[in-house]
Amino acid sequence: MGFFGGLSAAERKPGANERLNLGVIGVAGRGADNLAGVRGENIVALCDVDTGRAGKAREDHPKAEFYQDFRKMLDRKDLDAVVISTPDHMHAIPAVMAMKAGKHVYCEKPLAHSVHEVRVIRETAAKQKLVTQMGTQIHAENNYRRVVEIIQAGVLGPVKQVQVWCSKQPDTRKLARTPVKVPATLDYDLWLGAAPERPYDPAFLPFHWRWWWDFGGGILSDMACHFMDLPHWALDLQLPLSVKATGKRVGSGDHDVPDLLQADYHYPARGDLPAVDLTWYSGVQGPSLDATKPFHDFGNGVLFLGEKGQLVADYGHYKLLPEDTFRDFSPPKETIKASVGHHQEWIEAIKSGGTTTCSFQYSGKLAETVLLGNVSFRCGEKIEWDGVKGKVTNHVDGAAKYIERAYRKGWSL
């Protein structure tokens with residue numbers, strides 16, 4: 001445990017003007033953005049498996065001690081909190097280790113690589129009573145807040161169907177046909193971590209690991225926590241009762257995730273709110289696997305279909321449909337206050353003992369839902385889900401190994 005005058009980091013309440021002692025795991029790429037988001041605090045430790053890619057962060061924070069192995073960094077007794085920006089396959093182990101040591105955690109989406117890992121992260125955060133935040137930064141932007149107010153004000157009437165799409169497809173990457181030497185700056189064994197043993201290949205480092213199942217989960221894992229966050233928030237969606245996903249490869253790369261994917265989620269009624277069917281599409285510009293043009297100028301979007309009308313939104317704007325019906329529309333009174341910033345929410349909550357908008361209790365259910373789509377796709381069958389027990393209830397062959405995968409020797413959660 002990290003102690004400050006006998007108190008663990010979870011028990012200590014720093015003053016509003018006191019800077020937190022932060023450790024940052026993964027400091028290049030997305031990690032560099034997260035590091036910038038917390039730069040106003042006391043950055044005492046930096047960690048990255050690649051000393052070359054960590055160079056800029058080390059220059060910017062010369063007083064911070066540098067580590068290649070996060071486990072050694074987490075042995076420090078002076079850390080209040082940790083920011084994790086590693087690849088998906090190595091989110092859970094440092095997150096759980098940090099929380100068990102009493103450290104507050106900010107972790108990038110989709111929180112973990114597997115459904116089981118997400119549930120362990122969520123349970124650990126609750127048990128340790130820590131302040132957490134998943135890196136779904138769009139949640140802090142004003143547009144999402146305005147859409148949530150419109151939906152919850154009943155402008156569209158009851159919403160029973162939502163369609164979500166993201167036009168991105170995996171980048172074309174070719175695996176090396178002959179062995180490639182590991183760069184001298186990279187500790188590749190540490191980068192692999194819990195993932196299955198496989199040779200180093202520049203096709204998946206540093207960014208493109210997300211197109212291989214061993215490390216990521218394709219466009220669904222990469223983007224759905226951003227887009228599905230909006231209906232989860234607006235409609236108070238929790239965990240689905242069932243998921244059925246289908247997709248295919250259309251590109252020429254050596255990746256093993258699908259280029260096109262459709263995932264159909266069914267959620268139960270919530271009090272007076274009706275059951276909801278949500279469909280995710282990736283690799284297309286509209287709510288259909290055949291879509292080739294932007295839907296009402298939304299090449300990525302979330303479409304709420306209500307009994308009184310529709311609303312389509314992306315990160316930055318929204319449109320009510322039919323346009324003629326809502327030509328004189330006046331938005332409801334703003335009830336959701338502006339965010340102080342996604343990273344700053346987390347920092348201020350640690351100092352005040354408050355909460356965040358994307359704590360692991362909220363975002364864990366979102367991430368679990370997203371990852372269940374990949375479970376269904378990889379099984380090739382619809383799965384029925386018991387969200388209380390965390391189990392597939394319709395005895396789908398092979399589902400268990402995708403819910404909780406085996407770790408490479410030497411690693412455990």
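Identify all residues within region 30-55 that are more than 22 Å from Ile347 (Cβ to Cβ) and among the basic types (Lys, Arg); write none if there are none. Across region 30-55, the qualifying residue is only Arg53. In this structure, does Pro231 turn out to be assigned to a helix (DSSP H, G or I), touching a residue at least 12 places away in the same chain (Cβ under 8 Å) and under 30 Å from Gln285 (Cβ atoms)? Yes.
Say we look at region 111-124 and pick out the residues that are open to solvent by 10 Å² or more (accessible area, probe 1.4 Å) and not hydrophobic (A, V, I, L, M, F, W, C); which of these is nearest to Asp48 (Cα to Cα)? Among those residues, the one meeting the criterion is His113.
Yes/no per residue for (1) surrounded by fewer than 15 Cβ atoms within 10 Å (Cβ to Cβ); (2) among the aliphatic types (A, V, I, L, M); (3) in contact with a strand residue (DSSP E or B) (Cβ under 9 Å, 6 or more places away or on another chain):
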{"residue": "Leu372", "(1), (2), (3)": "no, yes, yes"}
{"residue": "Val375", "(1), (2), (3)": "no, yes, yes"}
{"residue": "Glu381", "(1), (2), (3)": "no, no, yes"}
{"residue": "Trp385", "(1), (2), (3)": "no, no, yes"}
{"residue": "Val388", "(1), (2), (3)": "yes, yes, no"}
{"residue": "Asn394", "(1), (2), (3)": "yes, no, yes"}
{"residue": "Ala399", "(1), (2), (3)": "no, yes, yes"}
{"residue": "Tyr402", "(1), (2), (3)": "no, no, no"}
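Residues that are open to solvent by 70 Å² or more (accessible area, probe 1.4 Å) and under 24 Å from Gln361 (Cα atoms) were ranked within region 241-271; the one that is modelled with the highest pLDDT is Leu241. Within region 175-186, the presence of a residue that is charged (D, E, K, R), within 19 Å of Asp48 (Cβ to Cβ) and open to solvent by 50 Å² or more (accessible area, probe 1.4 Å) is excluded.
Of the numbered criteria (1) open to solvent by 20 Å² or more (accessible area, probe 1.4 Å); (2) closer than 22 Å to Gln344 by Cβ; (3) of a type in the set (Lys, Arg), the one Lys127 fails is (2). Of the conditions (1) open to solvent by 30 Å² or more (accessible area, probe 1.4 Å); (2) outside any helix (DSSP H, G or I); (3) closer than 28 Å to Val164 by Cβ; (4) in contact with an Asp or Glu (Cβ under 6 Å, 6 or more places away or on another chain), Arg210 satisfies every one except a single condition; which number is it? Unmet condition: (2).
Contact map, region 28-52: residues that are farther than 19 Å from Tyr188 by Cα and of a type in the set (Ser, Thr, Tyr) paired with residues that are outside any loop (DSSP other than H, G, I, E, B) and modelled with pLDDT under 95, Cβ distance under 7 Å, separation 6+ or inter-chain. No pairs are found. Going by what's in this entry, would Gln238 be described as closer than 19 Å to Val147 by Cα, crowded, with 19+ Cβ neighbours inside 10 Å and touching a residue at least 40 places away in the same chain (Cβ under 8 Å)? Answer is no for this residue.
Results for (1) touching a Gly at 6+ places or on another chain (Cβ under 7 Å); (2) over 22 Å from Tyr267 (Cα atoms); (3) open to solvent by less than 10 Å² (accessible area, probe 1.4 Å), shown as yes or no for each residue.
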residue	(1), (2), (3)
Asp75	no, yes, no
Lys100	no, yes, no
Val105	no, yes, yes
Lys109	yes, no, no
Val131	no, yes, no
Glu141	no, yes, no
Ile150	no, no, yes
Pro158	yes, no, no
Arg173	yes, yes, no
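Ser282 - would you say it is touching a helix residue (DSSP H, G or I) at 6+ places or on another chain (Cβ under 6 Å) and modelled with pLDDT of 95 or more?
For Ser282, the condition - touching a helix residue (DSSP H, G or I) at 6+ places or on another chain (Cβ under 6 Å) and modelled with pLDDT of 95 or more - is met.
Is region 53-66 home to any residue that is closer than 30 Å to Glu368 by Cβ and among the aromatic types (Phe, Trp, Tyr)? Scanning region 53-66 turns up no residue that is closer than 30 Å to Glu368 by Cβ and among the aromatic types (Phe, Trp, Tyr). State yes or no: is Asp236 farther than 13 Å from Ala367 by Cα, part of a loop (DSSP other than H, G, I, E, B) and within 19 Å of the chain's Cα centre (by Cα)? Judged against the criteria, Asp236 is a match.
The values are calculated or read from the model by the stated rules, or taken from the named source; none is laboratory data. Worth saying up front: this structure is predicted, and the values here are computed from it rather than measured. Using ideal geometry, Cβ is built from the backbone for each residue, glycine included, and neighbour counts are taken over all protein chains shown. Surface accessibility is based on the protein's heavy atoms, side chains included, excluding ligands, DNA and RNA. Shrake-Rupley method; radii C 1.70, N 1.55, O 1.52, S 1.80 Å.
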